[in-house]
Amino acid sequence: MAQSRLEKIGTIFTRVNGLIRAGAMKYEDRPIWFDLYTAFPPKLEPRFDRPATDTKIKNIFYAEDVTRAKFHKTAKQNETINLLDKRRKTQTQNFIQIYENLKTQNPLDEEKLYETAVELLAEQTRNSSTQNSSEAPVEIKTTLSNDFAESLGKEGRSKSGVNVDIQKLFSE
């Protein structure tokens, strides 16, 4: 049994236990989970032929999930997102905020509300890009390059490359 790799013959625990008893594996080389499994074995042995439990899985949807899905299906996302930056909102977050504000202000039909929110987001994006260009006449090529340059600046590195001292690196 220790030489078998077929999942139908025993469980992973019985196979590892067989390897230890046969001397093919040292007791010191046992997996981390082996002692835990020995101390607290499961109520039902995890076998391939055990029928799966019939539990109903609930769908978890939030109110804005349908709107978000529709937005991602129709709108082109070409922005980079820094997950560590909590200040800046993504286009999707801005869209959901605009959509929810419009929904509370005037209850239109869903299609008209969605189109209005897309137009307002496009206008907001255009206004923010023109404000940034009027403040700094630097040409912005892509959002990715700007985010990369910004992250290099935060880490204290230069844009040309990483600050590595070659002499210290090969000083043996």
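The values are calculated or read from the model by the stated rules, or taken from the named source; none is laboratory data. The model shown is predicted, which means the values in this text are computed figures rather than measured ones. Every residue, glycine among them, receives a Cβ derived from its backbone with ideal geometry; neighbour counts consider all protein chains shown.
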Taking the stated definitions as given, is T90 in the same structural domain as E150 (by TED's automatic domain parsing), modelled with pLDDT under 90, surrounded by 11 or more Cβ atoms within 10 Å (Cβ to Cβ) and within 19 Å of the chain's Cα centre (by Cα)?
yes
Has region 38-56 got at least one residue that is surrounded by 11 or more Cβ atoms within 10 Å (Cβ to Cβ) and modelled with pLDDT of 85 or more?
yes
Condition check for K56: within 30 Å of the chain's Cα centre (by Cα), outside any helix (DSSP H, G or I) and not hydrophobic (A, V, I, L, M, F, W, C)
yes
Suppose we filter region 72-95 for residues that are under 22 Å from D147 (Cβ atoms) and outside any loop (DSSP other than H, G, I, E, B); how many remain?
6
Exactly one condition in (1) within 30 Å of D147 (Cα to Cα); (2) surrounded by 10 or more Cβ atoms within 10 Å (Cβ to Cβ); (3) modelled with pLDDT of 85 or more is not met by R30; state its number.
(1)
Looking at region 94-108, which of its residues are more than 13 Å from T125 (Cβ to Cβ) and surrounded by 13 or more Cβ atoms within 10 Å (Cβ to Cβ)?
I96, Q97, Y99, E100, L102, K103, L108
Test I20 against the stated conditions and say whether it is free of Cβ contacts under 8 Å to residues at least 24 places away in the same chain, in a loop (DSSP other than H, G, I, E, B) and of a type in the set (A, V, I, L, M).
no
Filtered residue count, region 59-71, keeping only those that are touching a residue at least 24 places away in the same chain (Cβ under 8 Å) and assigned to a loop (DSSP other than H, G, I, E, B):
1
Test each condition in (1) assigned to a helix (DSSP H, G or I); (2) over 20 Å from T14 (Cβ atoms) for W33 and report the one that comes out false.
(2)
